[in-house]
Amino acid sequence: MDPEEGLKKLVRDTGEVDPVYGGLEVRVLKPNLFPWYKVVKLLIEIGQEIWVNEKEGKICITSEPKVQ
């Protein structure tokens, strides 16, 4: 399964997933229900570097492929 689709299935209606910068951006819509650990673990497992920021009042997890 492609990582974007995997994340969409994982976050369901608790967030939104979009491709960005060659990586992914996950916007957290329902922080109390969001599967934080599973999302971060999946992004690390697929070789992504991760940043967490606030954007338009929502927490966003942005990732891009790790440079070796």
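Read the figures in this text as sums done on the coordinates, not as results from a lab. This is a predicted model, so every value here is computed, not measured. FYI the Cβ positions are ideal-geometry reconstructions off the backbone, even for glycines, and counts take in every protein chain you see.
Summarising the amide proton neighbourhood of E49: residues at separation of 5 or more, or on other chains, whose placed amide H is nearer than 5 Å comprise E64, K66. Per-residue Karplus couplings for region 49-59, computed as 6.51 cos²θ - 1.76 cosθ + 1.60 with θ equal to phi - 60°, are listed in order as 8, 10, 10, 10, 9, 10, 9, 6, x, 10, 6 Hz, Gly and Pro entered as x. Sparse packing (at most 12 other Cβ atoms within 10 Å of the Cβ) combined with a DSSP loop state is found for the following GluC sites (Glu not before Pro) in the chain: E56.
Entry note, region 3-65: relative contact order of 32 percent, from Cα contacts under 8 Å with a spacing of 6+ residues. Distance in nm between label sites at V67 and K9, each 7 Å beyond Cα in the beta-carbon direction? With each label point 7 Å from Cα toward Cβ, the separation is 3.3 nm.
Going by neighbour counts of Cβ atoms within 10 Å, the residues V39, V28 line up, fewest first, as V28, V39.
Do any chymotrypsin sites (Phe, Trp or Tyr not before Pro) in region 1-56 lie in a DSSP loop with no more than 14 other beta carbon atoms within 10 Å, and if so, which?
Sparse-neighbourhood loop chymotrypsin sites (Phe, Trp or Tyr not before Pro): Y21.
Each listed q (0.21, 0.27, 0.29 Å⁻¹) maps to a log10 I(q)/I(0) for region 26-68 from the Debye sum over equal C-alpha point scatterers, namely -0.68, -0.98, -1.06. Label sites at L33 and K55, each approximated as a point 7 angstrom past Cα along Cα to Cβ, lie 2.2 nm apart. Computed FRET efficiency, Cβ-Cβ of Y21 and K41, R0 22 Å: what is it to the nearest 0.05? The value I calculate is 0.60.
Charge dipole of region 28-68 (Cα centre as origin; +1 on each Lys and Arg Cβ, -1 on each Asp and Glu Cβ, all else neutral): 180 debye, rounded to the nearest 20.
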